[in-house]
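Quick note: the coordinates plus some simple rules give every number you see, no bench work behind them. All values derive from a computational prediction rather than experimental measurement. Cβ sites come from the backbone with ideal geometry, for glycine too, and all protein chains shown count toward neighbours.
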Protein chains: 2
Amino acid sequence: MRYSIGIDFGGTNIAVGLVDESYRVVTKSSLPTGKGTRSVDAMVADMAVLCRKVAEDGGITLPEVSSIGIATPGTVNSEKGIVIDYPGMGLSSYPMAAILSDCLDGFDPARIRIANDANAAALGEAVAGAAKGADTALMITLGTGVGGGIILGGRIYDGFNFSAAELGHTVIVKDGHPCACGRRGCFEQYASATALIRMTREEMETCPESAMWQYSPTLESVNGLTSFECAKAGDAAAKRVVDRYIGYLACGVANMMNIFQPQVLCIGGGVCGQGDNLLKPLSELVFAEQYAKTAPQKTRLVIATLGNDAGIVGAAAL
Amino acid sequence: MRYSIGIDFGGTNIAVGLVDESYRVVTKSSLPTGKGTRSVDAMVADMAVLCRKVAEDGGITLPEVSSIGIATPGTVNSEKGIVIDYPGMGLSSYPMAAILSDCLDGFDPARIRIANDANAAALGEAVAGAAKGADTALMITLGTGVGGGIILGGRIYDGFNFSAAELGHTVIVKDGHPCACGRRGCFEQYASATALIRMTREEMETCPESAMWQYSPTLESVNGLTSFECAKAGDAAAKRVVDRYIGYLACGVANMMNIFQPQVLCIGGGVCGQGDNLLKPLSELVFAEQYAKTAPQKTRLVIATLGNDAGIVGAAAL
């Protein structure tokens, strides 16, 4: 059995898993990232500690691990193992693979790979999750923002400058809601969990009688569940929010279908906890809107299955 | 010297060229398509006539031609040489490569390739035009509609069902102008020559004093030049049209940059005759809007150079 290690370098936790050749996470461990309280070098040192631990827990030694992969936010040069740009952590041209290698007594740096976290999650779903076996797959993650990952020919596609797949930063409402990227009307501003919460609050403000006020007594307490849960219970205002949100989501998803026609388009992120309550109406809208209506083969539109492990599995598969 | 033949199966003309190994069109000939007046089999027979003619004009025999490529509208299975769907010509599951082979005394059907015309044009620009040498290139053609072609790894990307790259059918204005594809607010409805003409007419109707009424005395006589030419001459209303049009175009182009980060993004079609009057303001908007502002390598945004030969050259390169 061959093993690899996947590292998910998150903003809150550094999660590391030992992954077998069928992409099963065998052992797993994590430490707090400590963002803002310590240097990135110290975080990478903790990655090394966790690598040793998951290997030991799995009953193997580090040299027996075939490769180590790191999934990190930001723009990365996967070939050179460098984080080109990760403003949130103040990183620029940071040789993460080389530094981890040093922390691991010279573990061959050529066997340490690195990828953007959204891309790694897409690869994880493509090798072991909802898009398993797909040669072409897209992943759209609905979280604080809208992340994107493109898998073509079974590999991450990240463009000629490692910056591609910013699917959330495609405008679907020209001159619409301002986005942190500087544009207006980005998909992210209408399909992220943040957007869902914004829409929920807007509707609650115009509907004091809505049951959403029982579920979330203050606007501050509104979360991604408020509208979906109250809609299930029959609240008309909540249903309007859900319909509006899914309408925007379908618009962006149908755009990606028309561009890529992937074998699998995988939706991830917290909102997907809604399962069929999200997927069924979304599928109806997307397949009614997308261009290739007469194509004999249709894209499979699915919900991600790996959850928080997608980054670890994808990193291990790099 | 190796030669191949490229066939551009247009709605008005069938244009065929003999192309040398450096993708130069050596000899060229065409016949009217005769759409609506005769069978597609008869059109394919004319393709064969033209193939023989361009080979003869080039001083070689047909068996010396290494391959023949056909660029056709519609959805095609390039591997099997079949037009899956071309509603405008009433074609469905039409074995075009096999029929052309029959018309050419059994020219090896495995050496006859076929591709969607927008995809072939993109390949043409990537092998011999404005995107020459690019490993990843996008082409956006601004004509009656907005066509798209995606070149990845030097090859056409057409999705797992041969229907990808419908870049014009991505919504940029949710619930906007209705599109023939059934969606509302498609890029095509704001960036095609047709859209430019619509915007020009709208502005003229509200501005009876505009110089555009001198250039195009009736709304029916408005064309893709009206606004650009009058804007150059200083007409304020015409300038508003041009600015509005380029604003929408930039929105869709920046979307594609954020998704693909290609080495080259190539704009083709009649509107490109405007050259720098289009490219300069477009570039400013696109590079201000796109996501990878800090990336060390930037996409080259260029105007197509092959013109009407792009289809022939791309088909010959299949």
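Between the amide H of A:V173 and those of B:K174, distances stay under 5 Å, these residues lying 5 or more places away or on another chain, with hydrogens modeled in the peptide plane. Near the amide H of A:I70, within less than 5 Å, lie the amide hydrogens of A:I7, A:R113, A:I114, A:A115, all on another chain or at least 5 residues away, with H placed in the peptide plane.
Here the extension length gained between B:K80 and B:S93 equals 3.6 nm, from 0.36 nm per residue of separation less the Cα-Cα distance.
Peptide A:249-258 is shielded by partner chain Cβ atoms: per residue, an average of 5 of them sit within 10 Å of its Cβ. Note that the stretch A:297-309 has calculated 3J(HN,Hα) couplings of 10, 10, 4, 8, 9, 9, 9, 4, 10, 7, x, 5, 7 Hz, one per residue in order, obtained from phi through the Karplus relation 6.51 cos²θ - 1.76 cosθ + 1.60 (θ = phi - 60°); glycine and proline are x. Which Cα, out of B:G124, B:Y94, B:V302, lies furthest along the positive dipole direction of chain B (beta carbon charges, K/R +1, D/E -1)? Of the listed residues, the answer is B:V302. Scanning residues 5 or more positions from B:G268 or on other chains, those with amide H under 5 Å from its amide H are B:I140, B:T141, B:L142, B:A304, with H placed 1.01 Å from N in the peptide plane.
Counting only Cβ charges, +1 for Lys and Arg and -1 for Asp and Glu, the dipole size of the protein assembly as shown around its Cα centre is about 120 debye. Only DSSP H runs of four or more residues enter the estimate; each adds -39500 (n - 2.57), and after division by the residues of the protein assembly as shown the mean residue ellipticity at 222 nm equals -11000 deg cm²/dmol. The mean number of Cβ atoms from other chains found within 10 Å of a Cβ in peptide A:296-305 is 2, as a whole number. Oblate is the label for the stretch B:33-156, because the ratio a/c of its alpha-carbon gyration tensor axes (a ≥ b ≥ c) is 1.5 or higher and a/b is not greater than b/c. Computed over chain A, relative contact order equals 20 percent, with contacts defined as Cα pairs under 8 Å that lie 6+ residues apart. When peptides B:26-34, A:86-94 are ranked by their average number of other Cβ atoms within 10 Å per residue, the highest-first order is B:26-34, A:86-94.
Taken residue by residue and averaged, Cβ atoms of other chains lying within 10 Å of the Cβ of A:283-295 number 4. Springs join every pair of Cα atoms under 10 Å in this Gaussian network model of chain A, and among A:A97, A:A45, A:A15 the largest mean-square fluctuation is at A:A45. Rounded to the nearest 5, the antiparallel percentage of DSSP beta bridges internal to the protein assembly as shown is 60%.
Counting 0.36 nm for each residue step from A:D20 to A:S221 and taking away their Cα separation leaves a gain of 68.2 nm. Annotation: aspartates and glutamates with alpha-carbon distance below 13 angstrom to B:K293 (same-chain offsets under eight excluded): A:D85, A:E166, B:E284.
Under the shape rule built on the C-alpha gyration tensor, where the axes satisfy a ≥ b ≥ c, chain A is prolate, since a/c reaches at least 1.5 and a/b is greater than b/c. For the peptides B:149-156, B:305-312, B:108-115, residues were scored by their other Cβ atoms within 10 Å and the scores averaged per peptide; the highest-first order is B:305-312, B:149-156, B:108-115. When DSSP assigns beta bridges and you keep just the ones with both residues in chain A, what percent turn out antiparallel, to the nearest 5? In chain A, DSSP labels about 60 percent of beta bridges as antiparallel.
Helices assigned as whole DSSP H runs in chain B whose Cα atoms extend at least 15 Å along their own long axis and whose mean Kyte-Doolittle hydropathy is -1.0 or higher are found at B:40-57, B:117-128, B:193-206, B:236-260, B:276-289. Which of rounded, prolate or oblate describes the stretch A:125-203 when judged by the alpha-carbon gyration tensor and an a/c cut-off of 1.5? It comes out oblate by the Cα gyration axes. For the residue pairs A:K80/B:K280; A:K174/B:K132; A:K80/A:K132; B:K35/B:K280; B:K28/B:K280; A:K132/B:K132, the C-alpha atoms sit more than 30 angstrom apart in A:K80/B:K280; A:K174/B:K132; B:K35/B:K280; B:K28/B:K280; A:K132/B:K132.
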